[in-house]
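One structure below.
The values are calculated or read from the model by the stated rules, or taken from the named source; none is laboratory data. Small disclaimer: the values here were computed from a predicted structure and weren't measured. When we count neighbours, we look across all protein chains shown, and the Cβ atoms used for this are built from the backbone with ideal geometry, even at glycine. Accessible surface areas use protein heavy atoms only, side chains included; no ligands, DNA or RNA. Shrake-Rupley method; radii C 1.70, N 1.55, O 1.52, S 1.80 Å.
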Amino acid sequence: MISKAMTEALNEQMNFEFYSSTIYLSMSAYCNHKGLDGFASWFYNQYKEEMIHAMKMYDYILDQGHAVELAACPKPETDFGSALDIFETTLGHEREVTKRIYALVDLALEERDHGTNSFLQWFVNEQVEEESTVSSIIDKVKLVEGTGNGIFMLNNELGQRPAPATTV
Ligand code: FEO
């Protein structure tokens, strides 16, 4: 059993994860339009990851016997600038997600809700991995920016990212 405050907070985060998915889908479309198919594929897989995150929260809220409340997502941007800009925007967004996940953990600990704290640890670990992955891509983009060959090679590398193991 989870509290009303926790249910509301989880619903809010579930909707933020859906919003994240639309941002990454929009980034994927932008990259595709620019001819960067590998970048587009990377962001398409990121879109799927975010859908999985949202659905984990959706399932947890229902499993706890509470109502899921879907909300309208803000319209995502459609112009993301350079290869460096797009990954810096991604890192900024992931840091915001991390802040929100930590706030949920704080609430779970405050309420002595050990079940939800345990559930949230998956997200804590996921955020460490996501921030690290995006930071290392930013380092690579900085190395090759301005060189057509470098962007071409990075585009090929990003296109190798496998689709998430779990589908929704
Ligand atoms: Fe669901 Fe990328 O955080």
Tensor-based shape of the stretch 37-89 (alpha-carbon gyration tensor, a/c under 1.5 rounded, otherwise prolate or oblate): prolate
Roughly how tilted is helix 37-63, in degrees to the nearest 10 and between 0 and 90, from the longest Cα axis of the chain? 0 degrees
Using Cα pairs closer than 8 Å and at least 6 residues apart in sequence, work out the relative contact order for the chain, in percent. 32 percent
Within the set 99, 75, 48, GNM on the chain using Cα springs under 10 Å gives the largest fluctuation to 75
Just to confirm the number: angle between the C-alpha axis of helix 114-144 and the first principal axis of the chain, 0 to 90 degrees, nearest 10? 10 degrees
Can you tell me what percent of all Cα-Cα pairs in the stretch 4-158 are more than 26 Å apart? 32 percent
Residue among 133, 116, 147 with the largest mean-square fluctuation in a Gaussian network model of the chain, springs linking Cα atoms under 10 Å: 147
Given +1 on the Cβ of Lys and Arg, -1 on the Cβ of Asp and Glu, and no further charges, what dipole in debye does the stretch 4-158 carry about its Cα centre, rounded to the nearest 20? 240 debye
Number of Lys-Lys pairs in the chain under 20 Å by Cα, sequence gap 8 or more or different chains? 6
Heavy-atom accessible surface of the chain: percent carbon and sulfur, 1.4 Å: 54 percent
Computed [θ] at 222 nm, helices only, for the chain once each DSSP H run of length n ≥ 4 contributes -39500 (n - 2.57): -27000 deg cm²/dmol
At 1.4 Å probe radius, can you tell me the per residue accessible area of the stretch 4-158 in Å²? 51 Å²
To the nearest 10 degrees, how steeply does helix 83-110 sit against the main Cα axis of the chain, on a 0 to 90 scale? 10 degrees
Using a Gaussian network model of the chain with C-alpha springs under 10 Å, which one of 40, 83, 72 is most mobile by mean-square fluctuation? 72
